[in-house]
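To start, I am sharing the structure in question, which I have written as structure tokens.
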């Protein structure tokens, strides 16, 4: 882990606004916070340089892009092949998140598919084919209740 930065009220206010709308202009942020445009620009540049802000992005609606099914899968790997397996899984386009975890399973992955049939194909043709995968525990998500970054 990197160094933890303690954010002041100004940085926190800027980050909260950007988490709601990453395209918000400096002028609009200034209007909503009472902080000058120049200060906002300086603070953003500093937070980017420190690595506090990784990137600016857009969150698309998966269903409208044809991804009707999401599953969370726990993966057991062969200890000797763990590193290669996690890197191979990270290259599969339908897998959007890969985490190394502690416990009975070694990895947690998030997989998106257009249908249950497609999800089955991804699991059996792509994921199980990865060298070093020993077992999967699949959980199909029926409702996304909350999905966001921790508060600032």
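Could you state the angle between the C-alpha long axis of helix 9-20 and the longest principal axis of the C-alpha atoms of the chain, as a value from 0 to 90 degrees rounded to the nearest 10?
Roughly 50 degrees, rounded to the nearest 10.
Compute the Rg/Rh shape ratio of the stretch 62-141: radius of gyration over Kirkwood radius, all on alpha-carbon atoms.
0.96
Gain in length, residue 129 to residue 72, computed as 0.36 nm per residue apart minus the alpha-carbon separation, to one decimal in nm? Mind showing how you got there, number by number?
Values: separation 57, 0.36 × 57 = 20.52 nm, distance 1.78 nm.
Extra length from residue 129 to residue 72 when fully extended: 18.7 nm.
Take peptides 73-84, 12-23 and line them up by average Cβ neighbours within 10 Å, highest first, as a rough protection proxy.
Highest to lowest by the protection proxy: 73-84, 12-23.
Consider a paramagnetic label point 7 Å from the Cα of residue 90 along Cα→Cβ; state which residues of the stretch 19-58 have an amide N under 18 Å from it.
Correct set: 54-55.
Relative to 2.2 N^0.38 Å, what does the C-alpha radius of gyration of the stretch 9-50 come to as a ratio? Two decimals please. Can you show the working numbers first?
Details: Rg = 9.1 Å, N = 42, 2.2 N^0.38 = 9.1 Å.
For the stretch 9-50, the normalised Cα radius of gyration comes out at 1.00.
Quote the relative contact order of the stretch 11-75 in percent (integer), defining contacts as alpha-carbon pairs under 8 Å separated by 6+ residues.
25 percent
Now a separate question. Using the number of other C-beta atoms within 10 angstrom as an exposure proxy, rank 143, 94, 134 with the fewest first.
Numbers: 143 4, 94 20, 134 14.
The fewest-first ordering by Cβ neighbours comes to 143, 134, 94.
Among (1) 38, 19, 12; (2) 62, 16, 13; (3) 68, 22, 12, which is the computed semi-axes √(5λ) of the Cα gyration tensor in Å?
(1)
Can you sort 111, 10 by how many other beta carbons sit within 10 Å, fewest first? Spell out each step's value before the answer.
Numbers: 111 25, 10 13.
Ordered from fewest to most neighbouring Cβ atoms within 10 Å, 111, 10 come out as 10, 111.
Here's a follow-up. Under a plain spin-label model, where a point goes 7 Å from the Cα along Cα-to-Cβ, how far apart in nm are residue 102 and residue 48?
Output for this residue pair reads 3.7 nm.
Sorted by packing (mean other beta-carbon atoms within 10 Å per residue), highest first, where do 28-41, 50-63 land?
Ranked by mean Cβ neighbours within 10 Å, highest first: 28-41, 50-63.
Got a sec? How would 147, 138, 118 order by Cβ neighbour count within 10 Å, fewest to most? Present the calculation step by step, with values, prior to reporting the outcome.
Details: 147 9, 138 14, 118 17.
The fewest-first ordering by Cβ neighbours comes to 147, 138, 118.
Any idea how far the Cα center of the stretch 74-146 sits from the one of the stretch 1-33, in Å?
A separation of 34 Å, based on Cα centres.
Read-outs throughout are calculated quantities, based only on the coordinates presented, and are distinct from any laboratory measurement. These numbers were taken from a predicted model, which means no experiment stands behind them. Here the Cβ is made from the backbone with ideal geometry for all residues, glycine too, and neighbour counts use every protein chain on show.
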